[in-house]
Structures are given as C-alpha cells and as structure tokens.
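> The following block contains the structure, expressed as structure tokens.
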Amino acid sequence: MPATLPHPVPDLCHTAPPLVVRRLLVDLATPLPRHWNGGDAFRTALFNALSMSFPVGEQFFIDAVRAGLAALPAEQRARFQAEVRGFVGQEATHRHVHDRFNAHLQRQGLVDHWSPRIARRLVRVKTLNVRAWLGVTAATEHFTAILAEHLLRQPAQLAGAEPRLQAMWLWHASEEAEHRSTAFDLYRTLGGNERWRLRLFYIVSWHFCTDLLRQTLHNLWRDGSWRQPGTWLQGWRCLFGRQGLVPALWAPWHDYRRADFHPAQRENAEALQWLARHADCYTPVQQPAG
Ligand SMILES: [Fe+2]
Ligand SMILES: [Fe+2]
C-alpha cells in the first residue's frame with residue numbers, strides 16, 4: 001500500500017465535541033419477544049443479524065484505532081489521544097450491550113454464522129499494514145453511520161419496538177454518528193491513500209451487504225418465519241419501501257466515493273437531539289485520563 005496521498009490531507013481540525021462514553025440504563029435482563037421489532041419478522045431478523053456482527057466487529061475497530069494511535073508520531077498522537085479514548089470507550093460499551101442482547105437471541109435458538117466469518121477475515125486483515133486496518137474500519141464506520149442517521153431520522157425501521165429496545169438501538173446509533181470521523185482521520189493522518197480507501201470500501205460493502213442478507217435469511221429460517229408469505233412482504237417494505245434501507249442509504253453510500261468526502265460533512269443534529277431528549281436512558285462515564 002503506497003504511503004502518500006494523491007491529494008492534500010483535508011483539514012482534520014474540525015471542532016468536534018469530545019466523545020462522551022455513556023452507560024446505558026435500559027433493562028436488558030427481561031427476555032425479548034420473538035419478533036421484538038414491532039411484530040415484524042423481517043425487521044427483527046435483520047436487526048438481530050446486525051447485532052450479531054457487532055461484538056467481533058467493534059473489537060476490531062478498537063484494535064485498529066489503538067494501533068493507529070500508537071503508529072502516529074508523538075506530536076500528532078497528542079491530538080488524537082482523547083478522541084481515541086472516547087471512541088474505544090463507546091465501542092467497548094456497545095460490545096458489552098450487544099453481547100447481552102445477543103445472549104437472548106441465542107436462547108431463542110438463533111445461530112450466529114456471521115461473526116465467525118468476520119473473525120476469519122480479520123485474521124487476514126491483521127497481517128496487513130495498520131492503514132489497511134483503519135481503511136476497513138473507516139469504511140465499516142461509514143456504513144454504521146449512514147444506517148444510524150437513517151434510524152434517527154425515520155422511525156419506520158424501529159416502529160412498534162419496545163421503548164427499551166428502541167432506546168438501545170438509538171443510543172448506539174447516536175454514538176456511531178458522533179465518532180464517525182475517528183478511524184477516517186487516523187487513516188488519512190497515517191498517509192492512507194485514496195486508491196486503497198476506495199478499494200477497501202468496495203470490499204467491505206460487498207461483505208457487509210451479502211453477510212447481512214445471509215444472516216437475516218438464516219434467522220428467518222431458524223425461527224420458521226420464512227414460511228409465512230407476509231414475511232417477504234415485510235422484507236420488501238424494509239429494503240425497498242418508501243422508508244426502506246436501499247433507497248435511503250443509496251446516496252449516502254455513494255458519498256464515500258467522492259475524493260473530497262469527509263464523514264464530518266454529514267449532519268449530526270438528530271444524534272445530538274436524541275441524546276439531549278433521552279438523557280434518562282444513560283449515564284455519562286468518567287473516562288480515566290491518559
Ligand atoms: Fe458501535
Ligand atoms: Fe463505531
């Protein structure tokens with residue numbers, strides 16, 4: 001992977017507020033209804049699939065940004081230190097919460113085939129340069145950030161879900177929108193180039209979409225919903241309907257391909273609003289200095 005950028009490094013000094021780590025205060029002990037997402041089997045299966053991928057994926061993001069920070073020259077390290085600490089704290093909290101959520105899915109008889117596949121791929125990624133780790137992380141963070149933005153703007157995807165589960169997903173979504181720039185900025189600061197940024201984005205996009213679909217279908221098969229014709233109508237609505245994922249995410253997905261793209265160019269207002277209106281759902285955690 002070449003070390004130089006084909007165009008100037010963008011201004012990385014955007015004034016983002018410091019990343020706050022928040023402990024979620026919602027009840028994750030009470031078992032989940034089988035179709036917890038508004039009684040919609042397809043939407044439930046899709047969000048369950050996403051949740052299955054988070055613990056292993058987010059541990060990799062943590063490893064990538066930590067390795068990226070360690071690879072920076074001392075003068076640049078100081079600028080990223082607090083941001084990386086916040087990023088790691090947020091992702092570690094997400095892992096913990098989704099581990100608890102996923103334990104319910106396991107008890108319901110669902111089987112996670114996605115995260116072992118991710119783990120096998122990441123063994124190969126970890127043999128590469130740290131810029132590749134960060135390129136994979138930045139690309140995946142773009143996916144989580146645009147999905148987060150959609151969930152915060154359009155209530156349809158979580159319509160009818162129990163309030164505690166809506167809170168869990170929207171808390172996670174808000175923090176994904178908050179830390180969307182960290183891996184991208186580290187990639188650029190370490191000299192990651194455009195060619196590899198896009199190449200890794202296409203690879204991540206292929207794996208993310210096909211794995212999400214495979215695990216969703218597998219979840220529907222395990223719970224028997226695939227036999228109901230209504231499930232496929234729900235699937236069509238969820239993916240291609242008026243507030244469906246494909247039309248909503250198509251343009252933001254393309255944004256990442258622009259040479260002048262930066263994650264901070266996208267609006268973050270919904271995330272800030274959600275966090276301000278739902279302060280009773282979490283408590284900020286004091287981060288250790290250093
Ligand atoms: Fe996360
Ligand atoms: Fe993230």
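> Which number in (1) farther than 19 Å from residue 131 by Cβ; (2) more than 20 Å from the chain's Cα centre (by Cα) marks the one condition that residue 76 misses?
Every condition holds for residue 76 apart from (1).
> Taking the stated definitions as given, is residue 144 open to solvent by 10 Å² or more (accessible area, probe 1.4 Å), within 16 Å of ligand 2 (Cβ to nearest atom) and of a type outside the set (A, V, I, L, M, F, W, C)?
yes
> In segment 72-103, what residues are away from ligand 2 (no atom under 16 Å from the Cβ), closer than 23 Å to residue 47 by Cβ and surrounded by fewer than 19 Cβ atoms within 10 Å (Cβ to Cβ)?
100, 103
> What do you reckon, is residue 69 closer than 26 Å to residue 285 by Cβ, at pLDDT below 95 and open to solvent by less than 70 Å² (accessible area, probe 1.4 Å)?
no
> Which of the residues belonging to segment 265-290 are in a loop (DSSP other than H, G, I, E, B), at pLDDT below 95 and not aliphatic (A, V, I, L, M)?
Across segment 265-290, the qualifying residues are 266, 267, 268, 286, 287, 288, 290.
> Is it the case that residue 104 is within 21 Å of residue 161 (Cβ to Cβ) and more than 11 Å from ligand 1 (Cβ to nearest atom)?
Yes, satisfied.
> Could you look through segment 177-189, keep only residues that are among the charged types (D, E, K, R) and open to solvent by 10 Å² or more (accessible area, probe 1.4 Å), and pick out the one that is nearest to ligand 2 (Cβ to nearest atom)?
Among them, the one singled out is 180.
> Now, a different point. Which of (1) within 14 Å of ligand 2 (Cβ to nearest atom); (2) open to solvent by 30 Å² or more (accessible area, probe 1.4 Å) does residue 124 not meet, given it meets every other one?
Status for residue 124: all satisfied but (1).
> Any chance segment 47-68 includes a residue that's more than 11 Å from ligand 1 (Cβ to nearest atom), outside any helix (DSSP H, G or I) and not β-branched (Val, Ile, Thr)?
Looking for residues that are more than 11 Å from ligand 1 (Cβ to nearest atom), outside any helix (DSSP H, G or I) and not β-branched (Val, Ile, Thr), one finds none in segment 47-68, hence no.
> Confirm whether residue 109 is open to solvent by less than 30 Å² (accessible area, probe 1.4 Å), away from ligand 2 (no atom under 12 Å from the Cβ), in contact (Cβ under 8 Å) with a residue 12 or more places away in the chain and assigned to a helix (DSSP H, G or I).
no
> Return a yes/no flag: does segment 187-197 have any residue that is basic (Lys, Arg), closer than 18 Å to residue 145 by Cα and more than 14 Å from the chain's Cα centre (by Cα).
The answer is yes; a qualifying residue exists.
> Of the residues 61, 87, which is in contact with a Leu (Cβ under 7 Å, 6 or more places away or on another chain) and modelled with pLDDT of 95 or more?
Just one listed residue meets the conditions, 87.
The values are calculated or read from the model by the stated rules, or taken from the named source; none is laboratory data. Since the model is a prediction, treat every value here as computed from it, not as a measurement. Every residue, glycine as well, gets a Cβ built from its backbone with ideal geometry; the counts of neighbours run over all protein chains shown. The accessibility values were calculated without ligands, DNA or RNA, using every heavy atom of the protein model including side chains. Shrake-Rupley method; radii C 1.70, N 1.55, O 1.52, S 1.80 Å.
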